[in-house]
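Only one structure is covered here, and it is reproduced in the block below.
No value in this document is a laboratory result; all are computed from the given coordinates. Model, not experiment: these values are computed from the prediction. Quick reminder, even Gly has a Cβ in these numbers, built from the backbone with ideal geometry, and neighbours come from all protein chains shown.
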């Protein structure tokens, strides 16, 4: 794991996650953990590779991608 950089949540990430959860929780079943994971991808504009596009695609649009 030493080859990977640790990226920490910022206050802006937490705020984005809370607002996003309130917006998508009932309509898409998105939980807080998904929102926290998506917040860093959103801030850095890095793709998030996941099989859970049902929850992440509404949050990240094109940044949420299937890994294969």
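Using the rule -39500 (n - 2.57) for each DSSP H run of four or more residues, divided by the residues of the chain, the 222 nm mean residue ellipticity is -18000 deg cm²/dmol. Exposure proxy for 24, 49: other Cβ atoms within 10 Å of each Cβ, ordered fewest to most, give 49, 24. What the Cα convex hull of the chain gives, in volume per residue, is 89 Å³. Look at 39, 27 and count the other Cβ atoms within 10 Å of each Cβ; fewest to most, that gives 27, 39.
Placing R0 at 25 angstrom, the Cβ-Cβ distance between residue 27 and residue 51 gives a FRET efficiency of 0.75 after rounding to 0.05.
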